[in-house]
Each structure stands twice: as structure tokens, then as C-alpha cells.
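Each value in this text was obtained by applying a stated rule to the coordinates, not by laboratory testing. If you're wondering where the values come from, they're calculated on a predicted model, not measured in any experiment. Neighbour counts are summed over all protein chains in view; Cβ atoms, including those assigned to glycine, are modelled from backbone coordinates with ideal geometry.
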Amino acid sequence: MLSARKTILQEQCRIRERKLNDDVAYFRENAGSLLFSGLSWLVAPGTGRRTGVTPAKTGAKPPVSSAFNLTDILSMAKAFWPAVREIVQPLLVSWVINRVGQWLFKPKKRPKG
């Protein structure tokens, strides 16, 4: 009973591991296009691929795209903030450390004479 259960669990683990490896391989192969499509969706969420429902099928008018307003810009900034912070924070810290080091340990000027 236990050995049968163990073999079933091992087979399920192998199947899940294969699926996970396939997903990782797909992400590695298509990382650039996935990143670009994600960023383009954040910039222009009204464009891009549709789910197969067209206005002709539903009888509705297509959505009218308008220019970005302040709430759109703020929501995009809120979505991008963690990534921007992770990029800018180390750069800012190293710049501050460099400036403080220059300020504290700058060479003293000797009087000419």
C-alpha cells in the first residue's frame, strides 16, 4: 500500500517537474517578447491582442481610445515604482557614498611656498 502510494507520488512529481522545466524553457526562449508585450500593455492597455471577441460578433461599438489622463499616468507610475526603486536605489546609495567619501577624505591643499 505504502510503496504503491510512493510510486504514484514519485510519478506525479516527475510529471510536475517536466511541466515546470517546459515552462522555464519557454520563459527563457521568449523572455524578450514577453517583457516587451508586458511593457507595451502597461503603456497602451487598450491595444494589442483581443480574446477573440470582435465588435462585429457582439454588435457593440469598438472602444474609443482616449489620451492618457492623470489617473492613467499615476497608475502606471504606481505599477512601475517597485522596479524603478530596485534599479535606482543601489545607484543612489553608491553615488551618496562616493560623494560623502570625497567630502570627508578630500586631499588637503598645501600652501604654495
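Structure data summary
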item	result
q = 0.15, 0.22, 0.24 Å⁻¹: log10 I(q)/I(0) that the Debye formula gives for region 1-43, counting C-alpha atoms only	-0.55, -0.74, -0.79
Cβ-derived FRET efficiency at R0 41 Å, Ser75 paired with Arg14, nearest 0.05	0.45
